[in-house]
Amino acid sequence: MCIRDSNSQEQALCTQLANFPINFFEFNTSIPSKDPVKDFLAKHLEMKYPLRQIHVRINWEEYQGEVNIGCTKIVQSLSQLSSLTQVIFNLKNTPFNDEGCYSLAQLLHSRISLSRLTIYLQNTRITDRGISFLADGLQRLKQLSYLSLSFSENNNNITDEGGVRFSQSLSSLTKLTILTIDFSRCKIISDMTAQSLATNLRNCLLLTGLGLWFGSTSITSKGVLSLSKSISCLEHLIELTLEFDRFFSFAKIKSEQIKSYQRRGKF
């Protein structure tokens, strides 16, 4: 179910949620100066049917407040939902920054039972510091089976420091079955990130699906070779999507193992 942050729609949905087995809620908000989420969700903490999935999309074009303060308010509300197992945060094309990442990390610390997490951070203002905050939260999610993160951007705020720190968090996520990572257009990301990712992917032995987007980065064939060796060790992998700018070879991956294999970039 999807709702925008208007009072009339909120009141109508309050009644519906109390009577129907809804466990998915999409909140499409421009976050005005008031707190549109806290009061709304508070009304449903005692619902007969506990909320398990939530999708928060921030509309920057209609925005009327400070995005990081608004996100903090949302996170504080979501932290009260003990039944929550699946979260999507769509923050792309907003001035979301490291302060907001810290708030998101606090949510991850409080929701260690999350099984699915998607965060869109394309064209935001986060730096390596923000990624480090997220990594601290991610490594606590021992039950996580699905993780999709997009950091793609058009500036140089994200470097190998952030890439390596994020990669290190994967070593704790041993139950992951699906992983997609997008660092495309992070121009300073280099082989250091690729090699760290290769090392930590070896702990994700249950992966069946993997997507890596590194177009328009500084990764060379050396970094890609490290990744190819790690990917070849993922015995359960059946879906693989890769995007790099430079020529590479994944000859060690058994073709009969991969049912869906897409290569994008200059090969």
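The values are calculated or read from the model by the stated rules, or taken from the named source; none is laboratory data. None of the values given here were measured: they were computed from a predicted structure. Using ideal geometry, Cβ is built from the backbone for each residue, glycine included, and neighbour counts are taken over all protein chains shown. For accessibility, only protein heavy atoms count, side chains too; no ligands or nucleic acids. Shrake-Rupley method; radii C 1.70, N 1.55, O 1.52, S 1.80 Å.
What the table below lists for this structure:
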read-out	value
Mean shadow area of the stretch 114-230, taken as a quarter of the surface of its Cα convex hull (nm²)	6.0 nm²
Filter on 142/229; 73/142; 73/187; 92/229; 92/142; 187/222 - keep pairs with C-alpha separation over 28 Å	73/187; 92/229
Where labels lie 7 Å past Cα in the beta-carbon direction, separation of residue 187 and residue 55 in nm	3.4 nm
Length gained when the stretch residue 156-residue 206 is fully extended (0.36 nm per residue, less Cα-Cα span)	14.7 nm
Listed residues 181, 238 arranged by accessible area, highest first, probe 1.4 Å	238, 181
Simple spin-label estimate for residue 180 and residue 143 in nanometres, 7 Å along Cα-Cβ	2.4 nm
In Å², nearest 10: area of residue 55 left accessible to a 1.4 Å probe	20 Å²
Heavy-atom accessible area ranking, 1.4 Å probe, most first, across 102, 120	102, 120
Segment residue 229-residue 241, length gained on full extension (0.36 nm per residue, minus Cα span)	2.8 nm
Stokes-Einstein diffusion coefficient of the stretch 71-170, Kirkwood radius over Cα pairs, 10 °C, 1.306 mPa s, in µm²/s	118 µm²/s
